[in-house]
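Chemist: Dropping a structure here in structure tokens format, bear with me for questions.
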Amino acid sequence: MADAMIEFRDVTKRYGALVANDRLSLSIRRGELMTLLGPSGCGKTTALRCLTGYVQPDEGRIFLDGKDVTDVPTHQRELGMVFQNFALFPHMTVRDNVTFPLMIRNLPKPERERLVLDALRLVRLEGYAGHYPRQLSGGQQQRVGLARALVYHPKVLLLDEPLSNLDAKLREEMRFEIKEVVTRLGITAMYVTHDQGEALALSDRVAIMNRGRLQQLGTPEEIYESPNSRFVAEFIGLSNFLDGSVDTVRGETMTVATSGLAIETRALPGAAAGQKVLLFFRPNEIELLPADGESGSNTFPAKVEKTTYLGDTMDYRLVIGDGADLRLQTDARHRYAVGEAVRVRLPRVRSWVVEER
Amino acid sequence: MMLLRAYLRGLREGRFILGYTLLLSLTLFILAPFMMIVLRSVGKGWFGRLWLPPQLTLDWYRWAVEVGNIPEVMKNTLIIGAIAVILSTVIGIFAGWAFGRRRLPGKEVLMAVILLPRMIPPITYALGVAKIFYTLELVDTHLGVALAHVSVCAPYAILVLSATFEGLDERVLEAAGVCGANVLKRFVYVVLPLIMPGILASMLFSFTHSYNEFTLTLLTYGPHTVTLPVRTYLAVGDGYWEITSAMAVIMVVPSLLILAIIQRRAKPEKLVGGFKGV
């Protein structure tokens, strides 16, 4: 790709028998914020470390701004990085921490001071220049980390689970702050996380990794609304899965037989009768109806198995058809008791079909 | 003084008498021999069953300096101490790096081997060292005596510095690398300041051990390398208790100075740590 800022080309990294990155190819466009998302051990951190040069890939090449940097040592790669544990220099003040990359590059003193002030202003910490990291809160320390990473205007910004060590409320705030800073500077950023919420909220594109491979690449909407595999669907958000096989195909819709039900869904391109498919619904897409209401298409009787009150929503576990579990969430206004008979309407248009793999 | 006042108040009010009595006895038990030496070193005509010396004098100190040749002996002790400190700390830095940062096969066994000189009775070990040093003509040289001291100082240095390097956060070094620092700059600007408390602790340990070392010195010293502990011991043999006491007091002074330094200056908690979480 011509305007790729970061490019992994068939990068493979093995640790003994474990393949951490398996022919990973990925390219991040200039000015884009891409998230590498996946469970722990999926290879996202290894990929990041290959990019920083901390880990040497066994095969494949890595390009930065069109230049092959596979054999360039870390300190010459011109990267900015924010670490999960902040990794600030504990023996230096905030000012010295942020000055460090400039000092290493022998910038003249007035310019250093100007850049450091700019960076500290960017993260709203100009009043803390003389503090030591241990005197700051977790969120402030991470903002220092961000300032240190950005102060010398690196080509790319790498963020390695930068919010995992912060408490939930702060995480939310910092999420927007990072997004805003990155957008304002227009810098290319690679964000590594296992938190799907962060990935969806922050990214221009999300790359979902599984067992060292790229599983799906797309915008947050694409990833959430049309996952290409059960793994992605399960990893992002809550999901219901129903195994079934195609019964009939009629133009845009098809009928799938599953658990003793015939469910109408959007037709899978090139679907044929008898094909095995996996139906997938989000819990908030399913409509919960009283047992005696009007019947319509895709409406099936169900029984309430378990309810959980979540404040703004009610979480129901239902049994449908000949014993399939279904989870759904509705607003908490009308409630159904455990054991009560109800009916559910499964979405027809917004029901995506994941191919069985 | 505070303790004494609290003790008296305790007595008066009839509280904690047992506890305070125990504390006071313990203090006396620890301090009494030392007080004895101090009194002896400044007392004149202190014979028989007198509780305190009838006259005070500093003559014994003058004698110790002139006859006992204390300045020369002190110089020897400090030179040997300095060599031992430098050698042990250098060994400690390299070995500590290996122990603390690398995955070594058989790490525990290696550590045990390194600590072995401390486990063998000093006189046994010293005899072997002396035999080797006579062959190598290292006896009665500052380097030789210092080398003998290193065998007991280095294990401490290695132990302390291994722990220091273990506590060094890998991610901080990685961060320095990403910031553009090469290996040398990473060491100078990040590693060195962060392990400084460990180096200081190792130097203090090594110095006090070398300074106080007796057995190893006794078997490797010569006329040019008499150290303070040995000199004091020899003075005992000469039979002048007052001069010996003066020497013993002089010997304590640097130890007290070091204690003061440790308490005032070295605050490791100011240098390490520094991030929340993890």
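Chemist: Might you let me know whether region A:229-251 holds any residue that is within 16 Å of A:Leu326 (Cβ to Cβ), out of contact with any His (no Cβ under 8 Å at 6 or more places or on another chain) and among the hydroxyl-bearing types (Ser, Thr, Tyr)?
Modeler: Yes, because at least one residue in region A:229-251 is within 16 Å of A:Leu326 (Cβ to Cβ), out of contact with any His (no Cβ under 8 Å at 6 or more places or on another chain) and among the hydroxyl-bearing types (Ser, Thr, Tyr).
Chemist: For region A:44-56, does any single residue satisfy the condition of being farther than 27 Å from A:Phe176 by Cβ, surrounded by fewer than 18 Cβ atoms within 10 Å (Cβ to Cβ), away from chain B (no Cβ under 13 Å) and in contact with a strand residue (DSSP E or B) (Cβ under 9 Å, 6 or more places away or on another chain)?
Modeler: yes
Chemist: Just the residues that are part of a helix (DSSP H, G or I) and over 20 Å from the mean Cα position of the chain (by Cα), please, taken from region A:51-82.
Modeler: Correct list: A:Thr52, A:Thr74, A:His75, A:Gln76.
Chemist: Among the residues of region A:298-310, are any out of contact with any helix residue (DSSP H, G or I) (no Cβ under 6 Å at 6 or more places or on another chain) and either basic (Lys, Arg) or closer than 23 Å to A:Asn228 by Cβ (or both)?
Modeler: Scanning region A:298-310, I find at least one residue that is out of contact with any helix residue (DSSP H, G or I) (no Cβ under 6 Å at 6 or more places or on another chain) and either basic (Lys, Arg) or closer than 23 Å to A:Asn228 by Cβ (or both), so the answer is yes.
Chemist: Okay, moving on. Is there any pair linking a residue in region A:209-221 that is on the phi > 0 side of the Ramachandran plot to one that is assigned to a loop (DSSP other than H, G, I, E, B) and surrounded by 18 or more Cβ atoms within 10 Å (Cβ to Cβ), with Cβ under 6 Å and at least six apart or on different chains, and which?
Modeler: Pairs that qualify, where the first residue is on the phi > 0 side of the Ramachandran plot and the partner is assigned to a loop (DSSP other than H, G, I, E, B) and surrounded by 18 or more Cβ atoms within 10 Å (Cβ to Cβ), are A:Gly212/A:Gly43.
Chemist: Can I ask one more? Considering A:Arg327, A:Arg266, which residue is among the basic types (Lys, Arg), modelled with pLDDT of 85 or more and under 29 Å from A:Leu37 (Cα atoms)?
Modeler: None of the others qualify; the one that does is A:Arg327.
Chemist: Still on this structure, I have one more. Exactly one of (1) farther than 22 Å from A:Glu234 by Cα; (2) in a strand (DSSP E or B) is unmet by A:Leu328. Its number?
Modeler: A:Leu328 satisfies every listed condition except (1).
Chemist: Among all residue pairs at least 6 apart or on different chains, which show Cβ distances below 6 Å where the first residue, located in region B:99-117, is touching a residue at least 60 places away in the same chain (Cβ under 8 Å) and the second is not in a loop (DSSP other than H, G, I, E, B)?
Modeler: B:Phe99/B:Ser162; B:Gly100/B:Ser162; B:Gly100/B:Phe165; B:Gly100/B:Glu166; B:Arg101/B:Phe165
Chemist: Residues of region B:104-145 being under 21 Å from B:Met203 (Cβ atoms), more than 16 Å from the chain's Cα centre (by Cα) and at pLDDT below 90, which ones?
Modeler: B:Met111, B:Ile114, B:Leu115, B:Pro117
Chemist: Let me ask another. Starting from region A:166-178, keep only residues that are touching a residue at least 12 places away in the same chain (Cβ under 8 Å) and within 13 Å of another protein chain (Cβ to nearest Cβ), then list their pairs with residues that are assigned to a helix (DSSP H, G or I) and surrounded by 15 or more Cβ atoms within 10 Å (Cβ to Cβ) whose Cβ atoms are within a distance under 6 Å, requiring at least 6 positions of separation or different chains.
Modeler: Close Cβ pairs satisfying both conditions: A:Leu166/A:Gly138; A:Leu166/A:Gly139; A:Leu170/A:Gly139.
Chemist: Specify the residue that is farthest from B:Thr225 (Cα to Cα); the eligible residues are those in region B:146-158 that are among the aliphatic types (A, V, I, L, M) and at pLDDT 90 or above.
Modeler: B:Ile158
Chemist: With a cut-off of at least 2 residues that are farther than 21 Å from B:Gly92 by Cα, name the helices (runs of 4 or more DSSP H) lying wholly within region B:137-231.
Modeler: The qualifying helices (runs of 4 or more DSSP H) are B:170-178, B:215-218.
Chemist: Against the conditions (1) touching a Gly at 6+ places or on another chain (Cβ under 7 Å); (2) more than 14 Å from chain B (Cβ to nearest Cβ); (3) of a type in the set (D, E, K, R), where does A:Lys109 fall short? Just the number, please.
Modeler: (1)
Chemist: When region A:57-73 is examined, which residues are found to be within 14 Å of another protein chain (Cβ to nearest Cβ), without any contact (Cβ under 8 Å) to a residue 60 or more places away in the chain and in contact with a Lys or Arg (Cβ under 8 Å, 6 or more places away or on another chain)? It would help to see each step written out before you state the result.
Modeler: Pass one, region A:57-73, residues within 14 Å of another protein chain (Cβ to nearest Cβ): A:64, A:69, A:72-73.
If we keep only those that are without any contact (Cβ under 8 Å) to a residue 60 or more places away in the chain too, we end up with A:69, A:72-73.
The answer is A:Val69, and nothing else.
Chemist: I need the full set of residues from region A:130-143 which are closer than 25 Å to A:Glu78 by Cβ and either within 11 Å of chain B (Cβ to nearest Cβ) or in a loop (DSSP other than H, G, I, E, B) (or both), in order please.
Modeler: Residues of region A:130-143 that are closer than 25 Å to A:Glu78 by Cβ, as a first pass: A:133, A:141-143.
Listed by number, the residues that qualify are A:Pro133, A:Gln141, A:Gln142.
Chemist: Residues that are more than 14 Å from chain A (Cβ to nearest Cβ), within 30 Å of A:Asn106 (Cβ to Cβ), out of contact with any strand residue (DSSP E or B) (no Cβ under 9 Å at 6 or more places or on another chain) and of a type in the set (Lys, Arg): does region B:94-115 have at least one?
Modeler: Yes.
Chemist: Another question, then. Scanning region A:4-43 for residues that are closer than 22 Å to A:Pro227 by Cα and small (Gly, Ala, Ser), which turns out surrounded by the fewest Cβ atoms within 10 Å (Cβ to Cβ)?
Modeler: Ranking the candidates gives A:Ser40 first.
Chemist: Restricting to region B:60-103, name every residue that is more than 26 Å from the chain's Cα centre (by Cα) and surrounded by fewer than 13 Cβ atoms within 10 Å (Cβ to Cβ).
Modeler: Of everything in region B:60-103, those that are more than 26 Å from the chain's Cα centre (by Cα) and surrounded by fewer than 13 Cβ atoms within 10 Å (Cβ to Cβ) turn out to be B:Arg62, B:Glu66, B:Val67, B:Arg102, B:Arg103.
Chemist: Here's something else I'd like to know. Out of B:Gly177, B:Gly198, B:Gly167, report the one residue that is within 19 Å of A:Ala87 (Cα to Cα), small (Gly, Ala, Ser) and modelled with pLDDT under 90.
Modeler: Testing whether each residue is within 19 Å of A:Ala87 (Cα to Cα), small (Gly, Ala, Ser) and modelled with pLDDT under 90 leaves just B:Gly167.
Chemist: Additional query: Across region A:74-92, what is the number of residues that are at positive phi, more than 7 Å from chain B (Cβ to nearest Cβ) and buried (at least 24 other Cβ atoms within 10 Å of the Cβ)? Steps first, answer last, please.
Modeler: Residues of region A:74-92 at positive phi: A:78, A:86-87.
Next, from what is left, pick out any that are more than 7 Å from chain B (Cβ to nearest Cβ): A:78.
From the residues that got through so far, the ones that are buried (at least 24 other Cβ atoms within 10 Å of the Cβ) too are none.
Count: 0.
Chemist: Here's a follow-up. Kindly establish whether A:Ala273 is under 26 Å from A:Ser229 (Cβ atoms), over 33 Å from the mean Cα position of the chain (by Cα), outside any strand (DSSP E or B) and among the hydrophobic types (A, V, I, L, M, F, W, C).
Modeler: Values: under 26 Å from A:Ser229 (Cβ atoms): yes; over 33 Å from the mean Cα position of the chain (by Cα): yes; outside any strand (DSSP E or B): yes; among the hydrophobic types (A, V, I, L, M, F, W, C): yes.
Judged against the criteria, A:Ala273 is a match.
Chemist: (1) surrounded by 12 or more Cβ atoms within 10 Å (Cβ to Cβ); (2) without any contact (Cβ under 8 Å) to a residue 60 or more places away in the chain; (3) in a helix (DSSP H, G or I): which one isn't true of B:Ile37, the others all being true?
Modeler: (2)
Chemist: Evaluate the following for B:Ile114: is it crowded, with 19+ Cβ neighbours inside 10 Å and within 16 Å of B:Ala157 (Cα to Cα)?
Modeler: Details: crowded, with 19+ Cβ neighbours inside 10 Å: no; within 16 Å of B:Ala157 (Cα to Cα): yes.
Here the answer is no, as B:Ile114 does not meet what is asked.
Chemist: Going by what's in this entry, would A:Val353 be described as surrounded by 16 or more Cβ atoms within 10 Å (Cβ to Cβ), at pLDDT 85 or above and closer than 30 Å to A:Gln196 by Cβ?
Modeler: Against the criterion (surrounded by 16 or more Cβ atoms within 10 Å (Cβ to Cβ), at pLDDT 85 or above and closer than 30 Å to A:Gln196 by Cβ), A:Val353 does not qualify.
Chemist: Something else: What are the residues in region B:249-278 that are modelled with pLDDT of 50 or more and either within 14 Å of chain A (Cβ to nearest Cβ) or in contact with a Phe, Trp or Tyr (Cβ under 9 Å, 6 or more places away or on another chain) (or both), if any?
Modeler: B:Val249, B:Ile250, B:Met251, B:Val252, B:Pro254, B:Ser255, B:Ile258, B:Lys267
The values are calculated or read from the model by the stated rules, or taken from the named source; none is laboratory data. Because the structure is a prediction, the values reported are computed rather than measured. Reconstructed Cβ throughout: ideal geometry from the backbone, glycine too, with neighbour counts over all protein chains shown.
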